[in-house]
1. Quick one: net charge around G28, please, counting Lys, Arg +1 and Asp, Glu -1 for every other residue with C-beta under 10 Å from its C-beta.
2. Quick one: length gained pulling L5 to E47 fully straight, 0.36 nm per residue minus the C-alpha distance?
3. Give me the net charge of D46's neighbourhood, meaning all other residues with Cβ under 15 Å from the Cβ of D46; Lys, Arg count +1, Asp, Glu -1.
4. Full-extension gain between K55 and D36, please, as 0.36 nm times their residue separation minus the C-alpha to C-alpha distance.
5. Order of 44-52, 2-10 by packing, highest average Cβ count within 10 Å first?
Amino acid sequence: MKLILLVLTVTLFLVQVTQAMYCWSKLGRCRTACKDSEAFHILCRDETKCCVNPKHVPVKTRPLNATGSLE
């Protein structure tokens, strides 16, 4: 019983210590390397990469020409 209590205490302590830093309005996480399913968009405060799901990254659009068309 004491062993289970010790393991539970250590586990809860580790969860408190290793909380992730969020970025991009809490849609991304600060990491040194992004996962394959994520895109790097901006830098975090501690100069790590802000890894965001690609569907949340804004799309660059082409500007309109003088006539108002997208040529």
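1. +3
2. Computed gain between L5 and E47 is 11.3 nm.
3. Taking every other residue near D46 into account, the sum is +3.
4. 5.5 nm
5. Ranked by mean Cβ neighbours within 10 Å, highest first: 44-52, 2-10.
All of the numbers you see were taken from the coordinates with simple rules; none came from a lab. Owing to the predicted nature of the structure, the values given are computational and were not obtained by experimental measurement. Counting neighbours? That spans all protein chains shown, and the Cβs are built from the backbone with ideal geometry, glycine included.
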